[in-house]
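The values are calculated or read from the model by the stated rules, or taken from the named source; none is laboratory data. Worth saying up front: this structure is predicted, and the values here are computed from it rather than measured. Here the Cβ is made from the backbone with ideal geometry for all residues, glycine too, and neighbour counts use every protein chain on show. To get the accessible areas, we keep the full protein, side chains included, count just its heavy atoms, and leave off ligands, DNA and RNA. Shrake-Rupley method; radii C 1.70, N 1.55, O 1.52, S 1.80 Å.
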Amino acid sequence: MHHRSSVALAALLTMPMLHGCATVAERPAVSAQANAVVPFQAAKAGRVGESADVVISWSAPGATSVTIFAGTDPDSIERVSPVARGGSDGSATVTGLAPGKRWFFALVPDRGAPLVIADRALHLATMPNLRDIGGYRTSDGRWVRMGMLYRSDQLDRLSDADFATFSNLGVGLIADLRTATERTREPDRVPAGTEHLVLDVAAGSKGGLGGDMRQAMQMIATGKGAEMLTEANREFVSLDSARSAYATLLDRIAAPSAPPTLYHCTAGKDRTGWATAVILTMLGVPRETVIADYLASNIYLHRKNEAALVAIAKSPTPISRENLEPVMTVRAAYIEAAFAEVERRYGSFDRYVSEGLGIDPATVERLRHRYLTGQSD
């Protein structure tokens, strides 16, 4: 159970150029203030295939024109040479982006506050589930800032090239949600000067992610993997160790001086998935968006999972793909079990935050102030 296949099972600067429907234009006169309503109802950026090109799309019914600028620092994108301009709805493909950097795009409307977005994924082959949890719109029209909070899978397998890219993100705090066994077997590779914080979510578990691995393997081999993951998600709400871990994470990222933070487990889908669901829900992101972000792990982990399945199939005691897939992927039913446990134990998500996690209203407000942009509409 301690070889690579079992580990995979167990935890399962050049100016960019524009192509597309938008056209390059001079910088417009911008009257919007940073604290105004953000007029965008939708906006996203995504890499084109394996290239460095990025497709940007947007919808801003409250504006008549949108101008786009590019930069590598989300807090200081120079608005001198626009890379695109379009109407209230548009899309553009930006090419010529310098490789090895993470690019952010300031979408500046002629009315209202600007919005900074980026490709949510970091596209690291040896850390495939590394992604930004920002770039989501809240129910009241605000947006979660990008470049501040990251979620990921394990850090021990990073290649030198991917480690350099990861180091350039400027992450100042890494919160490790794994068990002592996982941390010992696969210690994090941490950039110099980055704080490493251990927050063992499953320390109090008697089964599943934190319990006897032989018992977990037996459940998986007998087709009870989905049952195990469903119960694990309930434990993310009920376990003292889980509540303590998530509360500490929230306290740390709510601090006024909190640096860009990454939190992770082994696959970056279960313990990390609930951490993300809690943060995004506290920020006001709609439930359907929260679940969509949770399910995205299936996309980002596909190649990693396929390689693990091949390796496990060649092991002395192979387990069928049918029994493995429920624990190597995520299902909406898993995260819904956690939300149902919140309702069962606390009656509402707000009471879970205040009573279960011990997070006071002032901390919630600090989180929203720090990680949201724009005024509510």
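What percent does the relative contact order of the stretch 285-376 come to when contacts are Cα pairs within less than 8 Å and at least six residues apart?
Normalised by residue count, the contact order of the stretch 285-376 is 21 percent.
State, as an integer percentage, the relative contact order of the stretch 141-194 based on alpha-carbon contacts under 8 Å between residues 6 or more apart.
Over the stretch 141-194, the number comes to 51 percent.
Counting DSSP beta bridges in the chain, what percent are antiparallel, to the nearest 5?
About 70 percent, rounded to the nearest 5.
So which lysines pass the test for residue 224, namely a Cα distance under 27 Å, with those fewer than 8 places away in the same chain ruled out?
Hits, sequence-local ones excluded: 206, 269, 304, 314.
Take peptides 81-89, 68-76 and line them up by average Cβ neighbours within 10 Å, highest first, as a rough protection proxy.
81-89, 68-76
Order 369, 196, 302, 264, most accessible first, counting only protein heavy atoms with a 1.4 angstrom probe.
369, 302, 196, 264
Mean residue ellipticity at 222 nm from the helices of the chain, using -39,500 (n - 2.57) per DSSP H segment of n ≥ 4 over the full residue count, to the nearest 500 deg cm²/dmol?
-10000 deg cm²/dmol
In whole Å, what is the distance between the alpha-carbon centres of the stretch 60-87 and the stretch 327-371?
Between the Cα centre of the stretch 60-87 and that of the stretch 327-371, the gap is 34 Å.
Work out the charge dipole of the chain with +1 on the Cβ of Lys and Arg and -1 on the Cβ of Asp and Glu about the Cα centre, then indicate which of 356, 239, 317 is farthest towards its positive end.
Positive-most Cα among the choices belongs to 317.
Ranking request for peptides 160-170, 139-149: highest mean number of other beta-carbon atoms within 10 Å first, then the rest in descending order.
139-149, 160-170
Compute the separation of the alpha-carbon centres of the stretch 282-302 and the stretch 217-277 and state it in Å as a whole number.
Value for the Cα centre distance between the two parts: 14 Å.
Pairs of Cα atoms under 8 Å, at least six residues apart: use those to get the relative contact order of the stretch 58-202, whole percent.
It comes to 16 percent, rounded to a whole number.
If you take the charge dipole of the chain about its Cα centre, with +1 on Lys and Arg Cβ and -1 on Asp and Glu Cβ, which of 204, 86, 281 is farthest toward its positive end?
86
Rounded to the nearest 20 Debye, what is the dipole magnitude of the stretch 260-377 about its Cα centre when Lys and Arg each give +1 and Asp and Glu each give -1 at the C-beta?
The calculation lands at about 400 debye.
Taking a quarter of the surface of the convex hull around the Cα atoms of the chain, what do you get in nm²?
Approximately 18.1 nm², given one-decimal rounding.
By average Cβ neighbour count within 10 Å, what is the ranking of 126-132, 329-335, 42-48 from highest down?
Final packing ranking: 126-132, 329-335, 42-48.
Can you tell me how much longer the chain between residue 251 and residue 78 gets when fully stretched, taken as 0.36 nm per residue apart minus their C-alpha distance, in nm with one decimal?
So the chain would gain 59.0 nm between residue 251 and residue 78.
Rounded to the nearest 20 Debye, what is the dipole magnitude of the stretch 201-332 about its Cα centre when Lys and Arg each give +1 and Asp and Glu each give -1 at the C-beta?
220 debye
Each label point is 7 Å from the Cα along the Cα-to-Cβ direction; what then is the distance between the points at residue 315 and residue 333, in nm?
My value for the distance between the label points is 2.4 nm.
Please state the charge dipole magnitude for the chain, taken about the Cα centre, from unit charges on C-beta atoms (+1 on K and R, -1 on D and E), reported in debye and rounded to the nearest 20.
Magnitude of the dipole: close to 260 debye.
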